[in-house]
Amino acid sequence: MISEVQFQKELDLIITNAIREDVGDGDHSSLACIPASAQGKAKLLVKDEGIIAGVEFAKMIFNYVDKEMKVETFINDGERVKYGDIVFHVSGSSQSILKAERLVLNSMQRMSAIATKTKMFVDLLEGTQTKILDTRKTTPGIRAIEKWAVKIGGGENHRFALYDMIMLKDNHNDFAGGIPQAIAKTKQYLIDNNKDLKIIVEARNLNEVQQILSSGGVYRILLDNFDYETTKKAVQMIGTQCLTESSGNINEKTIRYYAECGVNYISSGALTHSVYNMDLSLKAL
């Protein structure tokens, strides 16, 4: 993953662009009927159940919109919530609260849904040594908060983007002339460009697993769309030579079986691309 500094820059960009998109030259609904001097207070109300996420991000949004706004937190990121819970109170300029409202809700609803789904997968893996990973199958423009939500739910982040890890998938290997060629070219590229990036290589069968092992220097092998028995054989072949990851159409019904095959990680795009937003509301007090 990227550094904390770079991650914060990504968060700042999300907020800046979202406010630009939503507010434009002004929140004219509020400007038209609420005095600039008016002070108000609102509560973040839960109308659903699951894992709350985005509380700290909401504070960043409020601070960006108006540094004078104050947030009193009652429930923190990663805690389980139920219908009727109040996560926080926010107080300050009424105009500022309304300006920030939609971005706070959109972000927290999405992040909470992702954290809730991730926690479900984490619970299914309890007692095994396998960890759940996210993917790059994220919503364009808000990847940072979606990956943050995975962490809040107890999952692990895969690479952040194309630039912070090497991942040689089937198309890379085929275009390069084969797995050995792709790995050899990648190693030389890293040397030539003075880059220190981990290498993950996708395997479609046991023969490709052996090719990867013979090439050496790989951080993790991605076992793509392997069945249970083939996964077990691959894990035995790989041993401690590198880490292992299963992926491909793995769901809540099959994830435990893949974990019991002994893989280190299971990656799932469903953590971020197939969720239903948690129902939250910001209500004036």
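Structural remarks
- Within the range 230-259, considering residues that are modelled with pLDDT under 95 and open to solvent by less than 80 Å² (accessible area, probe 1.4 Å), the one farthest from Gln211 (Cα to Cα): Asn251
- Residue match in the range 209-230 (condition: touching a helix residue (DSSP H, G or I) at 6+ places or on another chain (Cβ under 7 Å), charged (D, E, K, R) and more than 25 Å from Ile152 (Cβ to Cβ)): no
- Scanning the range 243-269 for residues that are among the β-branched types (Val, Ile, Thr) and either more than 21 Å from Lys137 (Cα to Cα) or part of a loop (DSSP other than H, G, I, E, B) (or both) returns Ile250, Thr254, Val263.
- Test for Lys119: is it part of a helix (DSSP H, G or I), modelled with pLDDT of 95 or more, open to solvent by 10 Å² or more (accessible area, probe 1.4 Å) and within 30 Å of Ile34 (Cβ to Cβ): no
- Filter result (within 11 Å of Thr118 (Cα to Cα), of a type in the set (Lys, Arg) and open to solvent by 30 Å² or more (accessible area, probe 1.4 Å)) within the range 141-165: Lys151
- Residue match in the range 62-74 (condition: under 18 Å from the mean Cα position of the chain (by Cα), under 29 Å from Ser3 (Cα atoms) and at pLDDT 95 or above): no
- Given (1) under 25 Å from the mean Cα position of the chain (by Cα); (2) closer than 15 Å to Lys283 by Cβ, number of the condition Lys43 does not satisfy: (1)
- Which numbered condition Gly127 misses (of (1) among the small types (Gly, Ala, Ser); (2) open to solvent by less than 40 Å² (accessible area, probe 1.4 Å); (3) not in a helix (DSSP H, G or I)): (2)
- Considering residues of the range 48-76 that are of a type in the set (D, E, K, R) and open to solvent by 70 Å² or more (accessible area, probe 1.4 Å) only, the residue farthest from Leu11 (Cα to Cα): Glu49
- Some residue of the range 198-216 being part of a helix (DSSP H, G or I), aliphatic (A, V, I, L, M) and touching a residue at least 40 places away in the same chain (Cβ under 8 Å): no
- Any pair with Cβ under 8 angstrom, 6 or more apart, that starts in the range 78-92 at a residue that is open to solvent by less than 30 Å² (accessible area, probe 1.4 Å) and ends at one that is acidic (Asp, Glu): Val81/Asp48; Val81/Glu49; Phe88/Glu72; Val90/Glu72; Gly92/Asp66; Gly92/Glu68
- Scanning the range 217-240 for residues that are outside any helix (DSSP H, G or I) and without any contact (Cβ under 8 Å) to a residue 12 or more places away in the chain yields Asp227, Gly239, Thr240.
- Cβ separations smaller than 7 Å between residues 6+ apart or across chains give the following pairs from the range 119-148 residues that are among the hydroxyl-bearing types (Ser, Thr, Tyr) to residues that are open to solvent by 60 Å² or more (accessible area, probe 1.4 Å) and at pLDDT 95 or above: Thr128/Glu260.
- Subset tally (residues that are within 17 Å of Met237 (Cα to Cα) and surrounded by fewer than 16 Cβ atoms within 10 Å (Cβ to Cβ)) for the range 176-224: 8
The values are calculated or read from the model by the stated rules, or taken from the named source; none is laboratory data. On a predicted model such as this, the values are computed, not experimentally measured, just so you know. Glycine gets a Cβ as well: all are built from the backbone with ideal geometry, and neighbour counts include every protein chain shown. SASA here: full protein model, heavy atoms, side chains in, ligands and nucleic acids out. Shrake-Rupley method; radii C 1.70, N 1.55, O 1.52, S 1.80 Å.
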